[in-house]
Amino acid sequence: MEVTQQQTTLIPSSMPEQYLTFVMGKEEYGIEILAVQEIRGWETTTALPNSAEHIKGVINLRGIIVPIIDLRQRFGIESLQYTPTTVVIVVNIVVDQRTKVIGIVVDAVSDVIDIASVDVNPTPDFGLDTDIRFITGLTSVDDNMVILLDIHQLLGNEMLPSASALSRIINQLDITCETANEQH
């Protein structure tokens, strides 16, 4: 009997992945495009009693009740009035082998970009008291730093970092990004 060896094709780490980028304040963020279900304009939500300030409420999306989270408020960034450019990015996240649908409110959607893993800089180490599991890395696009988020880690955990911790992380990333840009 002849045994045939199967060839395995490895995908090189430089193979680009697509990210949807969006803006909140002065920062640009990116999430994997595969997690995005759709992008919608802001619409009024049904408020939930006793919920955190960053939880704007829920919407009925074709029969599915979707919680809406204002990511700006969740990150401790100053709140703004919603405008025609304010959007809700509806994402599918996997938690405990179940898919959840959640909407995140952001200032505006920027672009869909291709990023090779070799172009992603690791997240700086901020010490043990800073939870950065939801940041997968940093990359530069047209001289702008983009903070890449792991949407599953960010929204899938019941115990998200506090707003002040998120604010501190983002401010520290700004300093790190400015230093990295000055070195290039």
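The values are calculated or read from the model by the stated rules, or taken from the named source; none is laboratory data. It should be emphasised that the depicted structure is a prediction, and the values quoted were computed from it without experimental measurement. Positions of Cβ are backbone-derived with ideal geometry, glycine not excepted, and every protein chain shown enters the neighbour counts. What goes into the accessible areas is simple: the full protein's heavy atoms, side chains included, and nothing from ligands, DNA or RNA. Shrake-Rupley method; radii C 1.70, N 1.55, O 1.52, S 1.80 Å.
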Is there any pair linking a residue in segment 46-72 that is in contact (Cβ under 8 Å) with a residue 60 or more places away in the chain to one that is in a loop (DSSP other than H, G, I, E, B), with Cβ under 8 Å and at least six apart or on different chains, and which? I69/H54
Among what's in segment 29-65 and is surrounded by fewer than 18 Cβ atoms within 10 Å (Cβ to Cβ) and among the charged types (D, E, K, R), pick the residue that is nearest to I77 (Cα to Cα). E53
Within segment 33-68, residues touching a helix residue (DSSP H, G or I) at 6+ places or on another chain (Cβ under 7 Å) and closer than 30 Å to D142 by Cα come out as A35
Answer with yes or no whether I102 is closer than 16 Å to D150 by Cβ, assigned to a strand (DSSP E or B) and touching a helix residue (DSSP H, G or I) at 6+ places or on another chain (Cβ under 6 Å). yes
Please enumerate the residues belonging to segment 2-53 that are at pLDDT below 85 and under 18 Å from the mean Cα position of the chain (by Cα). P16
State which residue is nearest to the chain's Cα centre (by Cα) when the search covers only segment 151-163 and only residues that are crowded, with 18+ Cβ neighbours inside 10 Å and at pLDDT 70 or above. I151
Condition test on T83, is it closer than 20 Å to I59 by Cα, at pLDDT below 90 and assigned to a loop (DSSP other than H, G, I, E, B)? yes
In the set V118, V90, V94, V109, the lone residue that is open to solvent by less than 40 Å² (accessible area, probe 1.4 Å) and either touching a residue at least 12 places away in the same chain (Cβ under 8 Å) or outside any strand (DSSP E or B) (or both) is V90
